[in-house]
Amino acid sequence: MEALLSVGGSIASAVLDTLVDQVSSDAIQQFGRHSGLQDVLGRLRITLLRTHVILNSAEKRRAKEENLAQILHELKDAAYDGEDLLGEFEYKVLQHKAESQKNSGGNFLSSSFALARNLINPDGDAVARVGEVMGRLDSIADNMERVIRLLDLDDEGKKYKSSVRRETSSFLTESEVFGREKDQEKVITLLLKSSDATEPSDDHVRVCSKRLKKDSISVLPVVGIGGIGKTTLAQLIYNDPKVHDYFELKIWVCVSDNFDVKRLTKEIIESVTKKRQCDHQNLNNLQEILKEKIMSKRFLLVLDDVWNDDIRKWETLCAPLGYGLQGSKVLVTTRSKKVAEMMGTMEAVPLRGLAKDACWKFFRGKAFGSQNPKEHPKLEAIAKMNADKLKGSPLAAKTVGGLLNLDLDERHWRSIMISEICELKQRQDDIIPVLWLSYQYLPARLKQCVTYCSIFPKAYEYKKDMLVQHWMAQGFIEPQGTARIEEMGREYFHDLLGRSFFEGSFWENIYVMHDLIHDLVQSVSVDEHLRIEDGKWQEIPSSLRHLSIYTKNLEMSKLMSFGNHKKLRTLVFMNLDDKNFYSQLDRLFPVLTSIRVLKLRNRWTEELPESIGNLKHLRYLDISFPLLRRLPESLCNLYNLLVLNISNCPIDNFPTCMTNLVKLRQLKVDEETICKLADIRKLTSLQELAIFQVGKQNGHKIEELKDMIQLHGSLRIKNLESVESKEEASQAKLNNKQYLDELALVWNINRGTSSGNDDEVLEGLRPHSNLQRLEISGYGGVSFPSWLEPQSLKSLEAICLDNIQSWAKLPSLGQLPFLKILRIKNMHAVKQVGHEFYGSPEIKGFPLLEKLEISNMQEWEDWFRIEGIQMFPRLLQLYIKDCPKLKGLPCLPPLLREFHLKNVGINMLPESWDGDHGFNDDSRMTNCSRSSSRTSSISHMDIRGCPNLVNLERWLLLHHLPAIKELTIVDCQKVVQLPMERFKDFLSLENLEILDCPLPKSPVQLTLPSSLLHLTLASCGHLDESPPDFLHNLTCLTRLELVRCPHITSLAGEVLGHMIALSVLTIWDCKELRSIGGLRALISLEKLDIGRCPRLRQLENEEEQRDGFAHLRFLSIDDTALVKVLFSTITLPSLEHLRIFDSAQLTLFSGEEQLWLLGLKSLKYLFLQNCTNLQSLPTELHSLCTLQYLKILNCPKLRSLPEKGLPPSLTVIRSEDCDPVLTEQLERHQIMSQNVIS
């Protein structure tokens, strides 16, 4: 009951807050003035404030009376109805404004009498409805006061607490702990590590900059959701012998929700002294005692279950702890990343769920207790089949296992295992009550937000901005002054992320919710939220406000029953496959008028009903109808709409009054469609406009952008050739768009000749000084705009100049103070880059530039620099591409990490800058000093297609490239020498690729470092003449590719036999290769690709007991005779993909080879490609019972399937460039297979 009270009370409080804000808003005040309801609305506000005060009083006390929870539900209902009523009044005001603007001579103030007539009908309906809401709220407030008095809560003085404070100790409660060995060892290693912040950096020991004081205590947080095992891990560590030996004192304190500094200090002292302290000592005395007890002693303090995020309290507690001996540590367990960040001086250790095997062992022990699972095989199978729902949570395993253990009956076990965890009966210390504490500590607004997520299914991939837009539409986000509401919503989201309600995923900007957290959210949202999924239809509660439906098929009667729930605020239809969806929506829209969020997915619907105009409260509309060509005119009546997403609807045009939607903040639509919207200037609330295409007709001119001062993010303005003058360009008022981060100014490069006014137009497009990224493309003017300089663009971080054909030199960009990325492309008039590029002859150019890309500069010849001045001091990445006439490059900056050249005319690589170096030959960068004594930071170097490059020996020196990790040299035809013996010295080298470089013979043998992970050699002239012994020490190699290596005749067993880490082996077009050995030693091999090696007919003798093909999943060969050569009697248990290409054989897998094929028990994919002589498929192909995918490409002589047909398991069959008869047979088989499946 306390849980229900807290949930209901908090959300009711948030709804009341929203209602108070709403009744105080400008729109409602305006409504009151023109409707004569100003006094009534004032009394409503007073009623709301009184109700809020009483609600706060109830929430602060412990209540055991069910009537109070019922009253809170009634309060929410009344508040929601009040929101709807005020929303209608706001709608009337917006409607009147829109209608007034239709008449250009109309004046809103002069038509106030008309507004009043429209707002209030003759029988005073509005007054009565406001009075009804006030009456309900007054009655509810009176009832709450009465219940509080009856319970005599004030006299008892039982202030409301979230729960009985949780207590833990350092003693393990589990007889055996599974799956935490690595976590335990990791944490112990960190605890025993020196706390000296000057030590070499470690990924796990990052000392926070805010606490680098010498006497600081080292704090290591462990973070994870409730029930994941943080306390158990801390207990394991606390009792570990290594920890016991290292720390003189060990102290355990359970903090829980009450972070009382005095109490905690007292408990720490009592733990050290084993004596009880007097309750009446002040904090100073306690801290003096603590200082004395720990001084000069190395201690470990465990603070378990910390919730406090008030840094002042933490700093006060921490003050005396710094007097311990160096090496003392504090180990903190918490659910909150925010708490971990605040307290930690070391990077937090995230604790995740147990691995499947470990979780299963623990779960099995709890479920069977003293019983032997082998004696109950059916029960064990039931449990194992459903164990994944535990998601590695030890407490969930303990909860469910304990329930199973109550009755070893099959029906009981099936009932438990098919239930959601939140539906199971739970004790106070079981998983959902424990997780519920996380929910309980949320502010009321965040409770609304996270509870709303129950309408999304488990494993749903949340996009932050989408979720924030839902919250905006529901009114969950409280406005804060001038702060943008989207930013406030993102703060809400990041707060929940920090409290572990959301987790990051593999994909960027995609988040997920842990299944157990989802169970928790579902358990607290049962009254107002409902999600219906396939096969899980359930009764809809009368209090329902938010409904989502994830099903393909829904009976008409059930769909229409939603119309009985007229107070619905959210309606989501996902993937509904119903051709009658239009008519059903047309019946629902007139009755579901309280909808705020509407999301629809249906592939058959061609129209959106006009009745959608009835949804006066609608704020979020997301429709995905692939057949929808037009939007209804009534859409323009949705004056409250904030978000419209029609990006998956190929509409031909917008409704005529689309610009009535003056509150619209987000318009998601494809580029082609948005350009059809005329008079976009009226949508002044728009926060984002990805593209604007300038036209010459009214409604599409550049002046449309004038008043859109709220635009955020990026804006791309196209077809600027349609702008005729500086004056017209300046009407866009780009200098007023202070929130724009990125701006692209684009002229059409296919317009022919320039109109001659591009210079003026660009001058008139001056952006705001806050701009961070700028692109200018297709510009035909000859001059630089005056605003392209540091004073005007003081915040600029990235510039792209593309297809500017009239600039013979580059603009002065070197003094832009914050420029980090510079891209220059397709500027064919530039022949020299000189001093003007850097901006000043006395100051370092491009002080913060990190990435420089220059490409397709066909006429660029020289790059000059300023004598003795280092440019690009922070440059990390340099890309030069398609500059065939460029003769030289600057000396490379000392911090450069990545160096990429492609199709560049230089004949030697540049040197590294050492600070003392000057230039000869008029300071041209071509002629850097020939000395190679300088050291660089380059880790990735990629040189491709440089036809004049002759010698790399001066570069490939250890002291010159000490950090090199990846080296690629491709198609450098004049490179005649490589330092064969020096490669072994590059001890950081992991990836080496040398392709299409016709190197001559060398008297020195190639030697490679053992650090190498990937090696590719292809068409390297005589480089492969070195005996393959250069491969013998590559024990870390994971990928080896040998392509067009005509001098390799054999790969001996002692060469490949050492490559135990090799997972990918490719050998192609090695004409003289005759034998391979050591393949069975390749125990990690997953992919083998061998082709066009016509003489390969021998496998060297190998030890029969060594099978290196156990993990081979992909095999590609051009001759099935290689099966006998490579595999002999070996089967491939894991092989899934088999590709046969360019085979000249008439039949495949005949004789013994067919038996080998039938032994592939995991084969799923079979590809036959370019087998131009092939006339028949393997006769026993039908026996491959795991085969799912068959693809046949360019096999023109193959005319029929095997007599026994194809495997019934096949689901996908593809053929291209094959005989029509075969193609017809394959298509027929595909159709038959689909019919069988359906």
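The values are calculated or read from the model by the stated rules, or taken from the named source; none is laboratory data. Model, not experiment: these values are computed from the prediction. Cβ placement follows ideal geometry from the backbone for every residue including glycine, while neighbour counts extend to all protein chains displayed. Heavy atoms of the whole protein, side chains included, go into the accessibility calculation; ligands, DNA and RNA do not. Shrake-Rupley method; radii C 1.70, N 1.55, O 1.52, S 1.80 Å.
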For region 277-294, does any single residue satisfy the condition of being open to solvent by 50 Å² or more (accessible area, probe 1.4 Å), in contact with a Phe, Trp or Tyr (Cβ under 6 Å, 6 or more places away or on another chain) and either polar (S, T, N, Q) or at negative phi (or both)?
yes
When residues of region 1153-1183 are limited to those that are part of a loop (DSSP other than H, G, I, E, B) and closer than 16 Å to ARG1113 by Cβ, the one farthest from the chain's Cα centre (by Cα):
GLY1159
Give ASP1142, ASP1107, ASP1119 a once-over and let me know the one that is modelled with pLDDT of 85 or more and within 46 Å of the chain's Cα centre (by Cα).
ASP1142
Tell me, please, whether a residue that is within 42 Å of the chain's Cα centre (by Cα) and either modelled with pLDDT of 90 or more or part of a strand (DSSP E or B) (or both) can be found in region 211-219.
yes
Go through region 413-488 and tell me which helices (runs of 4 or more DSSP H), entirely inside it, have 3 or more residues that are in contact with a strand residue (DSSP E or B) (Cβ under 9 Å, 6 or more places away or on another chain) and surrounded by 17 or more Cβ atoms within 10 Å (Cβ to Cβ).
464-474
Exception for ASP155 within (1) under 30 Å from GLY36 (Cα atoms); (2) at pLDDT below 50; (3) in a helix (DSSP H, G or I) falls at (1)
VAL15 - would you say it is within 19 Å of LYS447 (Cα to Cα) and either at pLDDT 75 or above or not in a helix (DSSP H, G or I) (or both)?
yes
Go through region 619-635 and count every residue that is touching a residue at least 60 places away in the same chain (Cβ under 8 Å) and not aromatic (Phe, Trp, Tyr).
1
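Let's see how each residue does on (1) surrounded by 15 or more Cβ atoms within 10 Å (Cβ to Cβ); (2) in contact (Cβ under 8 Å) with a residue 60 or more places away in the chain; (3) touching a strand residue (DSSP E or B) at 6+ places or on another chain (Cβ under 9 Å):
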{"residue": "ALA348", "(1), (2), (3)": "yes, yes, yes"}
{"residue": "ARG364", "(1), (2), (3)": "yes, no, no"}
{"residue": "HIS376", "(1), (2), (3)": "yes, no, no"}
{"residue": "GLU410", "(1), (2), (3)": "no, no, no"}
Where the second residue is aromatic (Phe, Trp, Tyr) and the first is open to solvent by less than 70 Å² (accessible area, probe 1.4 Å) and lies in region 670-693, which pairs have Cβ atoms under 6 Å and are six or more apart or on separate chains?
LEU677/PHE654
For residues in region 1122-1135 being surrounded by fewer than 17 Cβ atoms within 10 Å (Cβ to Cβ) and closer than 14 Å to LYS1161 by Cβ, which is farthest from the chain's Cα centre (by Cα)?
THR1131
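Can you tell me which residues in region 948-981 are β-branched (Val, Ile, Thr) and either crowded, with 18+ Cβ neighbours inside 10 Å or assigned to a loop (DSSP other than H, G, I, E, B) (or both)?
Here is the first cut: in region 948-981, the ones β-branched (Val, Ile, Thr) are 950, 964, 968-970, 975-976.
The answer is VAL950, ILE964, ILE969, VAL970, VAL975, VAL976.
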Taking region 1051-1071 as the search range and keeping residues that are open to solvent by 40 Å² or more (accessible area, probe 1.4 Å) and at pLDDT below 90, which one is nearest to PHE1141 (Cα to Cα)?
ILE1060
Condition first: over 29 Å from ASP245 (Cα atoms), touching a residue at least 24 places away in the same chain (Cβ under 8 Å), surrounded by fewer than 20 Cβ atoms within 10 Å (Cβ to Cβ) and among the charged types (D, E, K, R). Can you find one or more residues in region 310-324 that meet it?
yes
Given the conditions (1) open to solvent by 60 Å² or more (accessible area, probe 1.4 Å); (2) in contact (Cβ under 8 Å) with a residue 12 or more places away in the chain, every one holds for PRO1003 apart from (2)
Some residue of region 578-588 being open to solvent by less than 10 Å² (accessible area, probe 1.4 Å), in contact with a Phe, Trp or Tyr (Cβ under 8 Å, 6 or more places away or on another chain) and not in a loop (DSSP other than H, G, I, E, B):
yes
